[in-house]
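Worksheet: one structure, shown below.
Please treat every number below as a calculation from the coordinates, not as lab data. What you see is a predicted model; the values in this text were computed from it and never measured. A quick note on method: Cβ atoms are made from the backbone with ideal geometry, for glycine too, and the neighbour counts reach across all protein chains shown.
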Amino acid sequence: MTPVLVLLISAALNSASSSENSTGKNFILAFPENIAYYFPGSTTNKIQITALLNGTKVSVTSQVVNCTKDLSAGDTEELRYDSKVELNKSEISQNILKITSNENLSVHAISLKHTSMQTALIIPEDKLGTKYFIPPIPTIQGTTDQVNEAVTERQSFKIIIINAGQTNTVTVGGKLSKTMKLQPYEVGQMYMNDSYRTVSAEYPMAVGFGHSCAIRHNCTCGLLYTMLPPAQEEKLKFYIPPALAEDAQAETFVLLADGESTKVEKYNPDKPMVEYAGSAILYRPGLLLSLIPEQDFAACFLINTVDGAKIFATIVVNEDHTDGVRIGTSPLTGPAWTPLEKNYVSVKVLLETNKNVIWHTSSKMAVYFVGSKDGTPFGNPAPVISKFPDFRGCTVTPEVVHIGPADGWRESLQYCKDQQLELISFPDAADHQKQIYEKINQIRDDSLKRVWIGMRRSSLTGEWYWLNKQPVSKTDWANGEPGSAQDGQCAIMRADGSEDFGWSDEECCSDARPVCLGPPTLFPTG
C-alpha cells in the first residue's frame with residue numbers, strides 16, 4: 001500500500017514552551033506590587049484580552065471581581081483593576097487572576113502608577129515550564145549597591161512564582177536553596193541575591209523577576225519587572241535591535257543565565273548579537289526585557305496600544321525579506337533598516353492605531369512591543385499569533401496540505417472531499433503556488449513523483465478550468481505543455497523534489513497522488 005503523507009501546518013498548542021505562539025485558552029497572572037510612596041495616586045492594573053475566533057466566551061476570576069465577556073475575532077477587551085489585585089509583601093498569596101476561554105486568546109498585562117509603568121506578555125498555562133533560569137541582578141546605583149529591606153528603593157530584587165492548577169513543590173536553587181509548597185493557583189514571592197540560579201518544580205508555573213521600585217533616573221524609582229521564559233539549554237542566538245538601547249547605550253546590559261552561572265555583558269552596538277545556552281534579558285534603567293531567540297521567530301504578532309503612551313514596534317528580520325513585512329494590510333513606508341549580524345536587520349516603527357497586526361508574507365521575524373510614558377520605558381516581546389507565514393495574512397489556523405494515496409483523478413477528487421478538504425486549486429496567485437511547492441518539499445519522499453491538482457479540460461470547449469470556478473490566469477505549464485485535447489483531460493504536477501513543479505496534461509484514469517488542501521483561518525488585520 002502506498003503510504004499517505006500528511007502536512008498539518010498548524011500551531012502546536014500543547015507545546016511545553018512559548019516557541020509556537022503565545023495564545024491559549026487558560027492563563028494565570030499576578031500583578032506585582034507597584035510602589036512609589038512619594039506619589040499619592042492610585043495604581044491602575046489592566047489586562048488586554050484579544051480573541052482570535054468568533055464565538056469566543058471569556059471568564060476572568062479573581063478574589064476581587066469576576067466577569068464574563070463574549071468576543072468576536074479580533075476584538076480586544078481591556079479590563080481595569082485597582083491596587084486590590086496587587087500582591088502585597090506576603091510570601092504566599094492567593095491574589096491571582098485566572099482567565100479561561102472556549103477559544104484561543106492573547107493576553108497582555110499592564111501595571112501603571114503615575115510614571116511607574118511595566119507591561120508583560122502572559123503565556124498560557126499549557127506553555128509554561130517547570131524550570132527557569134534566574135538572571136543576574138543588574139547593578140543599579142541607589143538600589144542594588146546599598147540593599148536595605150526597610151527602604152523601598154533599596155529592597156532586594158525578588159522572584160514571583162505563579163503556580164498553575166496542581167499542588168506544587170518549588171525549589172529555588174544555586175549556592176543556596178529554598179523550597180516552598182504552593183497550592184493550586186497560589187503565588188509565592190522570594191527576595192533574591194546572586195546565590196540563586198534556578199527555579200524548578202514538578203508541575204508548570206510562571207515566574208516573574210523584578211523590583212517594586214528600582215531607581216531609574218533623577219532619583220526616582222519605579223516598578224521593574226519581566227516574565228522569565230521557560231529554560232532552554234541549547235545554544236541560542238539573540239539579536240539586539242539598537243532601538244532597545246536608544247538614548248541609554250552606556251547603561252544597557254544583557255543579563256545571561258544558564259542555570260549554572262550568570263554573566264552580565266555590556267551592550268555593544270558593533271556586536272548586536274549574543275549567542276548563549278540559556279536565557280538573555282536586556283536591562284536598561286527602567287526596563288527589563290526578555291530577548292527573543294532566533295528559534296522563536298514567528299510570522300504574525302499583535303500589538304495593542306496603551307492610553308497616554310507612545311507605542312512602537314521594533315522588528316528584526318532577514319535582510320532578504322524586508323519587503324514582506326506588513327502592518328495591517330500595508331507594507332512599511334520608507335523604513336530605515338539598521339544592519340545587525342548574520343544578515344539580519346531591524347527597524348523601529350511608531351504605531352498609531354489601537355490594534356496593530358504585524359505579519360510577514362513568507363518569512364519569520366521577531367517583534368518587540370516597546371514604548372514610553374512620561375520618559376519611562378516599558379516593553380516585552382510582542383504576542384505571537386502564528387509561527388507560520390502566509391502571503392494572504394495572519395493565520396490563526398494555517399492551511400492544511402495533505403497528500404493522499406495514488407488513484408485516478410476522479411477518485412482523488414472524492415478522496416479529498418472525504419477528508420473534508422479540496423483537490424488543490426491555485427488559480428491566480430504565484431505566491432500561493434510557491435508556498436505550496438515549499439510545503440510539498442517539506443514532506444515529500446522518494447516515492448512522490450507526480451500529483452493531481454484541481455484543474456481539468458472542459459468536455460464542451462476543451463478549455464482548462466479550476467474546480468473552485470476561479471478563472472485560469474497564472475499557470476505553470478512545463479515546456480511543451482499542455483498538449484492537445486487528445487493528450488489528456490486532467491492536470492498533473494511534477495513533485496519529484498526538483499525546483500520545477502511544472503504542470504502537464506494526463507489521462508484522468510492514470511494513477512497519481514492528490515494534493516488535498518484545507519484553507520487557513522485568517523486573523524483580522526484591518
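Summary table below
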| quantity | calculated |
| --- | --- |
| Using distinct alpha-carbon pairs, which all enter the 1/r mean, Kirkwood radius of segment 232-382 in Å | 15.7 |
| Rule-of-thumb Rg ratio for segment 397-522 [Cα; 2.2 N^0.38 Å; N residues] | 0.98 |
| Cysteines without a disulfide-compatible partner [the chain; Cβ-Cβ under 4.7 Å] | Cys67, Cys219, Cys509 |
| Loop-located GluC sites (Glu not before Pro) in segment 246-316, at most 13 other Cβ atoms within 10 Å (DSSP) | Glu260 |
| Ranked Thr252, Thr100, Thr143, Thr329, criterion: other C-beta atoms within 10 Å, fewest first | Thr329, Thr100, Thr252, Thr143 |
| Cross-link partners of Lys271 among lysines (Cα-Cα below 23 Å; sequence separation of 8 or more within a chain) | Lys235, Lys237, Lys263, Lys342, Lys348, Lys364 |
| Rounded, prolate or oblate (a/c below 1.5 giving rounded, otherwise prolate when a/b exceeds b/c) for segment 306-450 by Cα gyration tensor | prolate |
| Where trypsin sites (Lys or Arg not before Pro) fall in DSSP loop in segment 324-365, at most 12 other Cβ within 10 Å | Lys342 |
| Helix-only CD estimate at 222 nm, as mean residue ellipticity for the chain, using -39500 (n - 2.57) per DSSP H run (n ≥ 4) | -1500 deg cm²/dmol |
| Rounded Å value of the spacing that divides the Cα centres of segment 112-175 and segment 290-312 | 21 |
| Alpha-carbon Rg/Rh ratio, for segment 370-456, with Rh computed the Kirkwood way | 1.21 |
| Scattering curve values for segment 23-231, log₁₀ I(q)/I(0), Debye with Cα scatterers, q = 0.12 Å⁻¹ | -0.62 |
| Beta bridge orientation in the chain: antiparallel %, DSSP, nearest 5 | 95 |
| Debye log10 I(q)/I(0) at q = 0.09, 0.11, 0.13 Å⁻¹ for the chain, Cα point scatterers | -0.69, -0.95, -1.21 |
| For Ser504, net neighbour charge (Lys/Arg +1, Asp/Glu -1) across residues whose Cβ lies under 14 Å away | -3 |
| Top positive-direction residue, dipole computed over segment 397-522 with Cβ charges, set Ser504, Pro427, Asn479 | Pro427 |
